[in-house]
Structures are given as structure tokens and as C-alpha cells.
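For reference, the structure is listed below as C-alpha cells.
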Amino acid sequence: MAKRVFLIVLDSFGVGELPDAADFGDNGANTLRSCFNTGKLNVPNMAKIGLFNIDGVDFGEKESAPSGAVMRLSELSNGKDTTTGHWEIAGIVSEKPFPTFPDGFPSEVIAEFEKRTGRKTLCNKPYSGTKVIADYGEESIKTGALIVYTSADSVFQIAAHESVVPVEKLYEYCEIAREILQGDFAVGRVIARPFEGEYPFTRTPRRHDFSLIPPKTTMLDVLKENGLDVIGVGKIYDIFAGKSVTECDRKIGNSVDMDITSEYQKKDFHGLCFTNLVDFDMLYGHRRNAVGYAQALNEFDAWLSGFMAKMRSDDVLIITADHGCDPCHSGTDHTREYIPVMVYGNEIKPLNLGTRTGFCDIAATVLELLNITGSVNGKSFADEIRR
């Protein structure tokens, strides 16, 4: 029985298009392949666990004697976004997709938001996060108006210069938007996007996501109800609206969140440490920077070496993803892909479980590894991977 499970989500690290990818405009998407094709990818630790042995990965050198259990999972939920992916990993299948607003938000939503914040808004249409502040930043500073924009995802994003709108005030505006955006307008996330400096401006690391409260029981709920620790690192607290997270560090960025995860590894907790590493998606996938993505994977893999060496005998490490974001695909959107699952630990036997249906199998497995019984979607593979 494991005492601690470290579940690390490499945000957007898909391993190939799902059978229904065409329905999402994602024919041919393969985030891992695009990173591999740069010639820059160097991930010996994940390769040793069995990354290139995963079903459908027909490139890279397969490991003859893998050190961990591997598989790929297809998504049951109707979506390809952060909230949907993480909720399914935690045991909730979302049959109805979150609403999107390709033509911007309805006038009644914007009018109510302006009334309650006392500020006018700019933009209100799908936009690149870096381009929107370049195009509207100076006007926002001069007028005090908030830049409101969306994307192909179910998001309501609010950008403001920190010298004009202090970040805590921006968070208040996000909470107002979250209250407004319910029912037919219930986007998956309201996102604070503070920026600073002079044109062309720089987004700050003080982004925060304001999600809907998960509508059903998650593995986080079950763990907390059974007295176990539920530690959230990075975006995890935000994605689950804080529900059943017993301790967290909400700093954003791969480097800082890997360091935070290493610090938790030194602590004597009992339960789950759930980490999201967002830079793969935010800095490289959406910006279609395949070389940057590959280099970020290399940096994670280098960190992983030290982390694995310090694992205790009753620790289990699970590395996975929440969707794809192929840096060589058209557009700037997420991509509908299989996610990898790599499991490593003293109790884990090396094997390949092939292809399984449902990210939620991770939730059921985490509970069983920690010897907890609970009602979540998913079928555990714990018995298959335990020595």
C-alpha cells in the first residue's frame, strides 16, 4: 500500500489524436511527435520508464527493460480543455461541454459585468493572450477599461495593467464575473491575466483561474473525507475551486512548481500531492513553439532524475497530461489527444497496459493505491501494476 502518491500533470502533453479528433478539428495532432521531430527532445528518464513504449508511439527508441508501468488513456468527456481534463482525471466525466463564445460574450453579460465592476470593457472576442495586450493595452491604461477576451476554450479572461488595476482588485473582478457566468453562460474558467511594463507589455506570473465548483464527487473529496492529505501545486487549487484541497501552493510556472513538489517530497504527509505544470501549454503549446516545448520537457526530465532518486519505498509517481496542444498543429487551440500515463515506484512492476478508456481510471487507481474506497468514475488498474 502506498503512503504518498505524486500525480504530476504535464499540461497539454498529448501522445496522438483520439479516434474522434476530426470532430474537434484535430486530425493528425500529436504533441509528443511534434516535440520529437524538432530533434531537440532528450528525455532519458521518461524514456526509461517507458514513454516511447506507449501504444501508438511509433518513433523514438523503445526501452527494452522499462522501469515503470505505462499506458495511454482516451477521454470520455466531451471537451479538450484544462478543467474537463483535470476533472476527468479526478473522477468526473463531463458529457456536456462547457459553453464557448466564438463571437464574444452576449451584451447582457458584458453590461452586467460593467455595471458591477464600475469599469468599461474592451475587445470581447477570441484573441491571443499576448496579442490582446499588445493591441489593447495602451487604451486600457489610458481609460481604465478592462480587456475582456476569450478563446476556443470555455474561458472569460480579464487582462489589466497592474499599475491601473492592482492584482487583488483584478481577482475581485474575476469573482464578480464568476458569479455572473452561470447557467447557459457557465464557462469552465474565469482567468485573471495581469500584465506590466511598457508596450508591448509582459504578462505577470500572478494569473489565477476561477473555476466552477466540481458538480460531483472527486478523488480529492474522497481522500479528504478519509482524513488524508490533498496537496495542490500550481493551478490545482484553482481548477477545483479549492474544493477538498487541504494544503496548496498556487504559484504558477514549471520551474517554481517543480521546486515546490520537491519540497513536499521532503515532508511526511499521507495522501496525494497533485501538481500541474502549466508552461508546456501556456508558453509553448498555444504559442506553437515546438522547440520551446521540447526543451521544457528536457528540463522536466532532468528534474525528474533527482526526484525519482529521492522517492521513498512507499511512494508512487504518476506522470500524465490533461489534453493535447500540438505545437505544430494549425491555430492556437488545444488538441484532442490520448494522454500518456507513466507510473513509477518501488511497488510498481514494469508493464504496458496498452490503451484504456477514460482519464478517470487514474482517480480510481489513486484511491486504491492509497487503500481508500470511494465512489468515482473509472476502473482502477492498481492491481495490475502492483508487484
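The values are calculated or read from the model by the stated rules, or taken from the named source; none is laboratory data. Remember, it's a predicted structure, so these values are computed and weren't measured experimentally. Neighbour counts are summed over all protein chains in view; Cβ atoms, including those assigned to glycine, are modelled from backbone coordinates with ideal geometry. SASA here: full protein model, heavy atoms, side chains in, ligands and nucleic acids out. Shrake-Rupley method; radii C 1.70, N 1.55, O 1.52, S 1.80 Å.
Hey, among the residues in the range 131-166 that are open to solvent by 30 Å² or more (accessible area, probe 1.4 Å) and under 23 Å from the mean Cα position of the chain (by Cα), which one's nearest to ARG336 (Cα to Cα)?
The residue in question is ALA152.
Kindly provide the set of residues from the range 305-325 that are in contact with a His (Cβ under 9 Å, 6 or more places away or on another chain) and acidic (Asp, Glu), ordered by number.
ASP322
With the structure loaded, tell me whether GLY331 is at positive phi, in contact with a strand residue (DSSP E or B) (Cβ under 9 Å, 6 or more places away or on another chain) and not hydroxyl-bearing (Ser, Thr, Tyr) or whether it fails that test.
For GLY331, the condition - at positive phi, in contact with a strand residue (DSSP E or B) (Cβ under 9 Å, 6 or more places away or on another chain) and not hydroxyl-bearing (Ser, Thr, Tyr) - is not met.
Which of the residues spanning the range 23-66 are surrounded by 19 or more Cβ atoms within 10 Å (Cβ to Cβ), outside any helix (DSSP H, G or I) and either modelled with pLDDT under 95 or charged (D, E, K, R) (or both)?
ASP26, GLU63
Considering only the range 333-387, how many residues are open to solvent by 10 Å² or more (accessible area, probe 1.4 Å), among the hydrophobic types (A, V, I, L, M, F, W, C), outside any loop (DSSP other than H, G, I, E, B) and over 20 Å from THR83 (Cα atoms)?
Looking only at that region, the number is 2.
How about the range 174-187: which of its residues are under 14 Å from VAL109 (Cβ atoms) and open to solvent by 20 Å² or more (accessible area, probe 1.4 Å)?
ILE176, ARG178, GLU179, ILE180, GLN182, GLY183, ASP184, PHE185, listed by residue number.
Does at least one position in the range 1-10 carry a residue that is open to solvent by less than 10 Å² (accessible area, probe 1.4 Å), in a strand (DSSP E or B), within 30 Å of ASP315 (Cβ to Cβ) and among the charged types (D, E, K, R)?
Yes; the residues of the range 1-10 include at least one that is open to solvent by less than 10 Å² (accessible area, probe 1.4 Å), in a strand (DSSP E or B), within 30 Å of ASP315 (Cβ to Cβ) and among the charged types (D, E, K, R).
Tell me yes or no: at least one residue of the range 176-195 is among the aromatic types (Phe, Trp, Tyr) and more than 20 Å from the chain's Cα centre (by Cα).
yes
From the list LYS96, LYS125, LYS169, LYS80, pick out the single residue that is open to solvent by 10 Å² or more (accessible area, probe 1.4 Å), in contact with a Lys or Arg (Cβ under 7 Å, 6 or more places away or on another chain) and charged (D, E, K, R).
Residue meeting the stated conditions: LYS80.
Restricting to the range 102-139, name every residue that is part of a helix (DSSP H, G or I) and of a type in the set (Phe, Trp, Tyr).
Matches in the range 102-139: PHE113, TYR136.
Mind telling me which of the residues ALA363, ALA302, ALA309, ALA290 ends up being of a type in the set (A, V, I, L, M), within 28 Å of ASP259 (Cα to Cα) and touching a Phe, Trp or Tyr at 6+ places or on another chain (Cβ under 9 Å)?
Answer to the selection: ALA290.
Out of everything in the range 271-290 that is polar (S, T, N, Q) and within 30 Å of ILE372 (Cα to Cα), what residue ends up being farthest from the chain's Cα centre (by Cα)?
THR275
Here's the yes/no breakdown for (1) β-branched (Val, Ile, Thr); (2) in a strand (DSSP E or B); (3) closer than 30 Å to ILE372 by Cβ:
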{"residue": "PHE195", "(1), (2), (3)": "no, yes, no"}
{"residue": "ASP209", "(1), (2), (3)": "no, yes, yes"}
{"residue": "THR217", "(1), (2), (3)": "yes, no, yes"}
{"residue": "LYS224", "(1), (2), (3)": "no, no, yes"}
{"residue": "VAL245", "(1), (2), (3)": "yes, no, yes"}
